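These notes are about the structure you will find just below.
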Amino acid sequence: MINFILLISRQGKTRLKKWFVPCPERDQFRTIKEVSSLILNRSPKVCNFLEWRDYKLCYKRYASLFFIACIEQNDNELLALEMVHHFVECLDRYFGNVCELDLIFNFHKAYYILDEILISGELQESSKRAVLHHISEQDPLI
Amino acid sequence: MSIKLRELIRSIRACKTAAEERAVVARECALIRTAFKEDDNQFRHRNVAKLLFIHMMGYPTHFGQMECLKLIASSKFPEKRVGYLGLTQLLDENTEVLMLVTNSIKNDMSNDNQYVNGLALCALGNIGSNEMCRALAREVENMMASPNPYIRKKAALCAMRIVRKVDEIEDKFNSKIGNLLEDRNHGVLLAGCSLLTALLEVNPSYMKEFRRYVPSLVRALRNMVTSGYTNAAEYDIAGITDPFLQAKILRLLRLFGERSADATDEMNDILAQVATNTEGTKNTGNAILYECVLTIMSIEAESGLRVLGINILGRFLLSRDNNIRYVALATLQRVVNVDQQVMQRHRNTIIDCLKDADISIRKRALDVTYSLVDEANIKSMTKELLNYLLVAEPDFKEELCSKICMAVEKFSPNRRWQIDTLIKVMCLGGNFVKEQQREKFCRVVAATPELHSYTVIKLYFNMKESLSQEALVHVGVWCLGEFGDHLVSGKAVGPDSQPIHVTPGDVLDLLYDVVRKPPTGEKAPATHCLVTAALIKLVTRCPSEFEKIRKLLRRFDCSLHVDLQQRSCEFLELLGSDWDSHRAGILDRMPVPEKEIGGAETRVVGDASIDEVPTNTSKGKPGKSDLLDLNDLLDAPREQQAPANQAPPPSSGGDLLDLLDAAPAANPPAPQATPEGFLDIFSGTPAASQEAPPMVAFEKNGLKVTFFPRKEADGSVTVLARFANTLSVPMTNFVFEAAVPKYVTLSIQPATGQVLPPQTDLVTQTMSCVNSTNGEKGLLMKLRIGYVCNGAPVQEMGQVGGFPPGF
């Protein structure tokens, strides 16, 4: 299962954070600092996986944002990258060529989309069409 | 006036400095707090949204928690939505406030609007605490049977969390699994698989019960893998139908097949199909292949399938993509026990990965390399690992050192190679070799007497080159202390078969250097402690340096480090003259510990052909007669030996030891010229010798012992003892023993006979002595003679001191 998902900018600013395991706020911010410094300092040529504490960090860079997923030791890293990509594609379809600014000003919408894709660290919907369908149905209600 | 969320974000981004940002945030927080206090209903959800943004930036926002609860209780959807978002962001399952939400969640679960239900299920699934889960388990169970797949899938994932959080609740959900797994909707299938995995993890005994679902899982997987799937377009990612569901099912199959042969049979085909049909060009395909290989390796697959799996791994290893290689190495690590030959085939690739630019890959390659090491390839692998040690980063070095040491301990072909390699490791990574490894090395050396000289020579010259590696220095100092006499004896031979000339003065100089510049400044006292121990041992091994040693020890007697001060004071005391006679006994070699040294006891010492540095080892231990105290000899119970009729004469000097042990002399008399186990330095040196006049050593009761001492060219003294029987009756069972002071080494050869016929002096016995004080102190001898005369046993003692000076 995924323990947490982080989106950080190249300057180290948090754009989205979602923990699926209980973690007090103080620890969350400490983790974010640690993980960002680890990942932002990596060279672009190295692989996308990093061992950190007892977990594995899978990250991918999309334009100016780093999408980081922390998974358990016995999880499939390549699949985690696929899940991240799934999320990014959903965002892309919803916002239409999503960029960082979209995510800054509409962070709450990004969270809603994430809620349609993951619950408790597990994938709930593998069809992008279905995800978007549900999100768009909830939009007029606002 | 409450500003919009957009405005806030814009104004924060417009701030140029951190202080400015803090001011804006503080001002906004104050406004929000006031609005909360005034119970502003209209803009509450906007305020909470702003608060969430501020929270994400890292500012404290606890005052918003109760407002989230109020929003959740609202009937308007947008407010509920923000409320739930705030709930999951600002609270976690350990917050007490969370319990207050339980009722709201319960109401929302029975709401007509499916999206409201969805919100509630999401919240419970993400941050539900133990009590909440227990309270709402029944509702979730009902929702799992809902006709709406949207609700079903969320409820199933909620159930997964409940199963993980609450004990003894699994049975409630067992019956529902079947329906979930038969569902057409992929989301529901995904959720069902997750729930099943969680159930199996929590209670492995369910394995049997749920095994009946394996065929339907296999069927679902087969549908997706074969082309022509109805909904392929919707779930297609990079040409593969729903890779997430495929991976989930593969994982489930792994759990089922792990310990069951029947389940394995059912899945062999589909695994082969997935492995062959999946395209490995993009990450998606590789993710599926990876999962498939993991499953194949974990279950008891048939050999064809296994070969398929290994081939895929081999392909992964050769891929240019770093991610794939990393994953391959990780898998190899897991399956290394399965098939050794195949692993060896890929050995070169793995070793290349050791030199990769990517640190994650290097770490994985190291783990795999270590598992690949066995007796056959230990030498080449160690070479590679040592090369790597040269270039590894510091935080890596420690692990690498310990891994090399462990591998060497397990697999080294012989002792000499083991010691060589360990010395190399210490030279290259000396500051990272742990204490344990150093101790092990010392133990190995101590247990291999044949290599004492070799080791100490090697360490000495390595230390002369560089004193910067701490492990090397510590171990070298210890060895110098223990075996320094080998080094300075003048008998050591170097790699080019040239004799090595190391004087005691050189050794002392080296130790002095260590004292002056210890390898690690902060831990200097530890090094100095070892040096003091070595120094005191060298007093007996290099007696010429007595004064220098005393001076060096004096440096520490006022040290601020308590241990060091104590040591130096005690050792200085030991140098005092009262201890002269006992010192050698105290400072003798350490006994070899009984603990196993990694099964290497049965290993041979090893010949020189393996290494590039052939060195002759000097055989044997130095004269143990140093142990003897003159007094002890005579206290030993001698009675056991004398009356024995056929007690062989204790001819070899080694028997002098036996006396102390009070064991009957079981050693048969060694007929050869030199008794075994003795330092054979003195054999066969031609005589440019110096004869001395004969002297009467003992005369009493008709027995006369005459000594004919002769000084040899190499400094030793050969004494020929002639026994004369002046009586008219023979003396039988004649036993002659001699003991010498500690600074003399003695070796006795067997007597030419055990019976002294009357009126003859035919029987002789040769003794050889080395006076380590080189004549400073004269040669002394105590004698013990036993024989049977006229049927009565006779015991005599005597002392001989009148040796000519210089002997």
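The values are calculated or read from the model by the stated rules, or taken from the named source; none is laboratory data. Source: prediction; values computed, not measured. Ideal geometry is used to build each Cβ from the backbone, glycine not excepted, and the neighbour counts take in all protein chains shown.
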- Task: Would you point out which residue out of A:25, A:51, A:100 is more than 25 Å from residue B:8 (Cα to Cα) and of a type in the set (Asp, Glu)?
- Result: A:51
- Query: Quick check: is even one residue across segment B:250-269 farther than 24 Å from residue B:155 by Cα, surrounded by fewer than 16 Cβ atoms within 10 Å (Cβ to Cβ), away from chain A (no Cβ under 13 Å) and at pLDDT 85 or above?
  - Reply: yes
- Note on the structure: The one condition residue A:135 fails out of (1) in a helix (DSSP H, G or I); (2) free of Cβ contacts under 8 Å to residues at least 40 places away in the same chain; (3) more than 8 Å from chain B (Cβ to nearest Cβ); (4) not small (Gly, Ala, Ser) is (2)
- Tally the residues that are among the hydrophobic types (A, V, I, L, M, F, W, C) and at the interface with chain B (Cβ under 10 Å from one of its Cβ atoms), restricting the search to segment A:100-113. 4
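Conditions tested, residue by residue: (1) in a loop (DSSP other than H, G, I, E, B); (2) closer than 13 Å to residue B:511 by Cβ; (3) in the same structural domain as residue B:506 (by TED's automatic domain parsing); (4) not aliphatic (A, V, I, L, M).
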{"residue": "B:534", "(1), (2), (3), (4)": "no, yes, yes, no"}
{"residue": "B:538", "(1), (2), (3), (4)": "no, yes, yes, no"}
{"residue": "B:546", "(1), (2), (3), (4)": "no, no, yes, yes"}
{"residue": "B:551", "(1), (2), (3), (4)": "no, yes, yes, yes"}
{"residue": "B:564", "(1), (2), (3), (4)": "no, no, yes, no"}
{"residue": "B:567", "(1), (2), (3), (4)": "no, no, yes, yes"}
{"residue": "B:570", "(1), (2), (3), (4)": "no, no, yes, yes"}
- Message: Take the conditions touching a Pro at 6+ places or on another chain (Cβ under 8 Å) and in a helix (DSSP H, G or I) and apply them to residue A:82. Does it pass?
- Response: yes
- Message: Among the residues of segment B:126-168, what is the count of those that are among the aromatic types (Phe, Trp, Tyr) and surrounded by fewer than 18 Cβ atoms within 10 Å (Cβ to Cβ)?
- Response: 0
- Message: So, residue B:276, is that one hydroxyl-bearing (Ser, Thr, Tyr), within 14 Å of another protein chain (Cβ to nearest Cβ) and over 14 Å from residue B:213 (Cβ atoms) or not?
- Response: no
- Item | Filtered residues of segment A:117-130 (kept if more than 7 Å from chain B (Cβ to nearest Cβ) and surrounded by 24 or more Cβ atoms within 10 Å (Cβ to Cβ)) | A:118, A:121
- Query: Which one of these is surrounded by fewer than 19 Cβ atoms within 10 Å (Cβ to Cβ), in the same structural domain as residue B:695 (by TED's automatic domain parsing), out of contact with any helix residue (DSSP H, G or I) (no Cβ under 9 Å at 6 or more places or on another chain) and part of a strand (DSSP E or B): B:794, B:735, B:763?
  - Reply: B:794
- Message: Against the conditions (1) away from chain B (no Cβ under 12 Å); (2) on the phi > 0 side of the Ramachandran plot, where does residue A:62 fall short? Just the number, please.
- Response: (2)
- Query: residue A:69: within 13 Å of chain B (Cβ to nearest Cβ), in contact (Cβ under 8 Å) with a residue 40 or more places away in the chain and under 27 Å from residue B:235 (Cβ atoms), yes or no?
  - Reply: no
- Message: Please determine whether any residue of segment A:92-99 is closer than 13 Å to residue A:7 by Cα, over 14 Å from the mean Cα position of the chain (by Cα) and more than 10 Å from chain B (Cβ to nearest Cβ).
- Response: yes
- On the given criteria, is residue A:127 of a type in the set (Ser, Thr, Tyr) and under 30 Å from residue B:195 (Cβ atoms)? yes
- Query: For segment B:494-514, how many residues are assigned to a loop (DSSP other than H, G, I, E, B) and either within 15 Å of residue B:455 (Cα to Cα) or modelled with pLDDT of 75 or more (or both)?
  - Reply: 5
- Check whether at least one residue in segment A:32-46 is in contact with an Asp or Glu (Cβ under 6 Å, 6 or more places away or on another chain) and part of a loop (DSSP other than H, G, I, E, B), and report yes or no. yes
- Quick one: how many residues across segment B:372-383 are crowded, with 18+ Cβ neighbours inside 10 Å and in a helix (DSSP H, G or I)? 4
- In segment B:301-309, is there at least one residue being in contact with a Pro (Cβ under 8 Å, 6 or more places away or on another chain), surrounded by fewer than 20 Cβ atoms within 10 Å (Cβ to Cβ) and in a helix (DSSP H, G or I)? no
- Which residues, taken from segment A:34-46, are surrounded by 13 or more Cβ atoms within 10 Å (Cβ to Cβ) and not polar (S, T, N, Q)? A:35, A:38, A:39, A:40, A:42, A:46
- Could you say whether any residue in segment B:251-263 is of a type in the set (Lys, Arg), closer than 19 Å to residue A:79 by Cα, assigned to a helix (DSSP H, G or I) and without any contact (Cβ under 8 Å) to a residue 60 or more places away in the chain? yes
- Restricting segment B:211-246 to residues that are of a type in the set (Phe, Trp, Tyr) and either assigned to a helix (DSSP H, G or I) or within 10 Å of chain A (Cβ to nearest Cβ) (or both), the one surrounded by the most Cβ atoms within 10 Å (Cβ to Cβ) turns out to be B:244
- From A:14, A:31, which residue is at the interface with chain B (Cβ under 9 Å from one of its Cβ atoms), at pLDDT 90 or above and within 16 Å of the chain's Cα centre (by Cα)? A:14
- Task: For residues that are assigned to a loop (DSSP other than H, G, I, E, B) and not hydrophobic (A, V, I, L, M, F, W, C), scanning just segment B:346-363, find the one that is surrounded by the fewest Cβ atoms within 10 Å (Cβ to Cβ).
- Result: B:355
- Query: Out of all the residues in segment B:774-783, is one or more among the small types (Gly, Ala, Ser) and either under 24 Å from residue B:702 (Cα atoms) or modelled with pLDDT of 85 or more (or both)?
  - Reply: no
- Query: Does residue B:491 fit the bill of being within 30 Å of residue B:390 (Cα to Cα) and modelled with pLDDT under 80?
  - Reply: no
- Query: Condition test on residue A:58, is it of a type outside the set (Gly, Ala, Ser), surrounded by 19 or more Cβ atoms within 10 Å (Cβ to Cβ), assigned to a strand (DSSP E or B) and in contact with a Leu (Cβ under 9 Å, 6 or more places away or on another chain)?
  - Reply: yes
- Query: Out of segment A:34-57, which residues are acidic (Asp, Glu) and more than 11 Å from chain B (Cβ to nearest Cβ)?
  - Reply: A:34, A:54
- Message: With the structure loaded, tell me whether residue B:178 is within 9 Å of chain A (Cβ to nearest Cβ) and either within 50 Å of the chain's Cα centre (by Cα) or part of a helix (DSSP H, G or I) (or both) or whether it fails that test.
- Response: no
